[in-house]
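Chemist: Below is one structure. I have some questions about it.
The values are calculated or read from the model by the stated rules, or taken from the named source; none is laboratory data. Values in this document were obtained by computation on a predicted structure and should not be read as measured data. In this analysis, Cβ positions are derived from the backbone assuming ideal geometry, glycine residues included, and neighbour counts consider all displayed protein chains. Protein only, heavy atoms only, side chains kept; ligands, DNA and RNA dropped before computing areas. Shrake-Rupley method; radii C 1.70, N 1.55, O 1.52, S 1.80 Å.
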Amino acid sequence: MSESSNGDACKAGTEDFTATAYRDSKGGRRVTVKGTCSCQTSGYKLTLELAVPPTVPTPDELPVNLIEAKSNGLVTEVITDTEVEGDFEIWDEVERVLIRNRGFSVPIKEG
């Protein structure tokens with residue numbers, strides 16, 4: 001697998017992610033986002049980070065970015081499933097997580 005046309009080394013789409021909302025011990029709403037991406041080699045570390053909010057806020061979505069960090073060591077040249085997980089505080093209106101830098105969203109299910 002070569003890098004995608006947008007330069008991402010790990011393939012990801014809506015079907016590869018889940019987003020589950022829950023209430024924490026203080027009653028606040030949170031969402032756990034989990035995904036499995038297909039990376040072009042072993043050794044990638046994936047993280048989800050809050051994205052800068054858009055100029056015009058969208059109250060029903062949480063914008064995050066999927067960040068790839070390539071290993072500096074030896075890697076296997078084989079497509080490798082790599083997991084990523086993030087946990088974020090959200091407001092009650094949020095219905096989906098937008099993976100902004102990949103251009104897809106994941107509907108939030110109540111847990």
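Okay, residues lined up against (1) within 15 Å of LEU98 (Cα to Cα); (2) open to solvent by 50 Å² or more (accessible area, probe 1.4 Å); (3) in contact with a Ser or Thr (Cβ under 8 Å, 6 or more places away or on another chain):
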residue	(1), (2), (3)
GLY7	no, no, no
LYS11	no, yes, yes
GLY35	yes, no, yes
VAL64	yes, no, no
ASN72	no, yes, no
THR76	no, yes, yes
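Chemist: Within segment 37-53, take every residue that is of a type outside the set (A, V, I, L, M, F, W, C) and open to solvent by less than 50 Å² (accessible area, probe 1.4 Å) and give me the one that is nearest to the chain's Cα centre (by Cα).
Modeler: Within segment 37-53, the match that is nearest to the chain's Cα centre (by Cα) is THR47.
Chemist: Given the conditions (1) over 10 Å from the mean Cα position of the chain (by Cα); (2) part of a strand (DSSP E or B); (3) of a type in the set (Val, Ile, Thr), report the number of the one that VAL97 does not fulfil.
Modeler: For VAL97, the exception is condition (1).
Chemist: Considering only segment 87-104, I want to know if a residue exists there that is in contact with a Pro (Cβ under 8 Å, 6 or more places away or on another chain), without any contact (Cβ under 8 Å) to a residue 60 or more places away in the chain, hydrophobic (A, V, I, L, M, F, W, C) and surrounded by fewer than 17 Cβ atoms within 10 Å (Cβ to Cβ).
Modeler: Looking through segment 87-104, none of the residues is in contact with a Pro (Cβ under 8 Å, 6 or more places away or on another chain), without any contact (Cβ under 8 Å) to a residue 60 or more places away in the chain, hydrophobic (A, V, I, L, M, F, W, C) and surrounded by fewer than 17 Cβ atoms within 10 Å (Cβ to Cβ).
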